[in-house]
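The values are calculated or read from the model by the stated rules, or taken from the named source; none is laboratory data. All values reported here derive from a predicted model rather than from experimental measurement. Here the Cβ positions follow ideal geometry from the backbone for every residue, glycine too, while neighbour counts run over all protein chains shown.
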Amino acid sequence: MLAFAKDITQNQPKTSKESDNDELKQYMEYQRKLNHERLVYHALDYAKIHLQLNIKKLDQDEKQLGEYLQGAFPVSHRFADAETIMLLLRKLGNGHNATNNWYRMNAYYYALVFDSMKRFVKIYNQLVLEDPEKAKEYGVAEGVQVDFDDWTYLYFPDLDFHIGRDLGYTHYPYAKRNKTIEDEINEKIKAGGSQEEAFNAVKDKYEMDDTSLKVLMGKPISPEDTELFFTSVENPIYEALSESEDGRWGMMDGESLLDHSYYMGSHLKVWEWRKREEIEAEADEVLRELNKTSPK
């Protein structure tokens, strides 16, 4: 099974504060309608099938195949050609279908999953509106559209691979983090530093890993970066997220980081009638703590 920032096998999350907060209760009811395993499976499967079709159809037309890759995989096509993306999708599919191990992804793989899911969710949500019975066959959600922005916030450890590019969604607070890093990088380059020097200068401050930097610098994926490292499903890699905390980061005593991330997610989902500034600093701090404990 692919290891995201949270356990995608858990489809019935609950928080202790639902009975006291209508917004949180509605948000958690939405979360319990999602089947994350099926969502990821269908997103990767859709990407693989349609890439196969286009490789076969456009095999003799490199320009059209390149245009297809750019549209279907707006981030991933920058570091991999069609055959390499197909290899990565197969590895992701095999890892996702494995039941004995957790498979940890690097920035290259997260970028490809992001591309695949963004595309599939758009198609699936349209199907929910136009043919709900067909949408039901996927087993992805119980009659609701999938909020990709929300899913990204909960299940991706970061979007560092997207720094310097339009997200196409709000993806708050990742958008804020990315913009801050981008601005610092640009300042260092304007001061005379090289791109690589600028990236390395912010790496430690923002706890960015090496593969994220390689993706940002446009370096093609290397053979060693195609490996998915695994650990047994018996390894409690998500245990720290469920441990009760002592009121740090704006949390109440007895809450876990997992509880609080859902609480923050409910705020972010209804931001239209709330000022984001009210939760901005708190959200950033919680994300930093989640990233320290989540598998990468």
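Worth pointing out:
- Any chance V75 is β-branched (V, I, T) and in contact with a His (Cβ under 9 Å, 6 or more places away or on another chain): yes
- Unmet criterion (only one of (1) surrounded by 17 or more Cβ atoms within 10 Å (Cβ to Cβ); (2) part of a helix (DSSP H, G or I); (3) not acidic (D, E)) for I123: (1)
- When Y110 is tested against (1) surrounded by 19 or more Cβ atoms within 10 Å (Cβ to Cβ); (2) hydroxyl-bearing (S, T, Y); (3) farther than 26 Å from R78 by Cβ, just one condition goes unmet, and that condition is (3).
- Per-region count, the range 26-75, residues in a helix (DSSP H, G or I) and within 22 Å of V140 (Cβ to Cβ): 25
- Some residue of the range 126-139 being part of a loop (DSSP other than H, G, I, E, B), in the same structural domain as L39 (by TED's automatic domain parsing) and more than 17 Å from L44 (Cα to Cα): yes
- The range 210-224 residues that are closer than 14 Å to I185 by Cβ and assigned to a helix (DSSP H, G or I), paired with ones that are charged (D, E, K, R) and at pLDDT below 95 (beta carbon under 7 Å, 6 or more apart): S212/D160; L213/K203
- Hey, V128 more than 14 Å from the chain's Cα centre (by Cα) and of a type outside the set (S, T, N, Q) or not: yes
- Neighbours by Cβ (under 9 Å, 6+ apart or cross-chain): first from the range 9-25, under 22 Å from I237 (Cα atoms) and not assigned by TED's automatic domain parsing to the domain that holds H267; second of a type in the set (K, R) and in a loop (DSSP other than H, G, I, E, B): N11/R32; N11/K33; Q12/R32; P13/K6; P13/R32; K14/R32
- Screening the range 76-107 for residues that are in a loop (DSSP other than H, G, I, E, B) and of a type outside the set (V, I, T) and picking the one that is surrounded by the fewest Cβ atoms within 10 Å (Cβ to Cβ) gives N100.
- Just one of the listed residues (Y103, Y41) is assigned by TED's automatic domain parsing to the domain that holds P157, of a type outside the set (A, V, I, L, M, F, W, C) and more than 21 Å from S222 (Cβ to Cβ), and it is Y41.
- For D166, the conditions (1) touching a residue at least 24 places away in the same chain (Cβ under 8 Å); (2) in a loop (DSSP other than H, G, I, E, B) all hold with the exception of (1).
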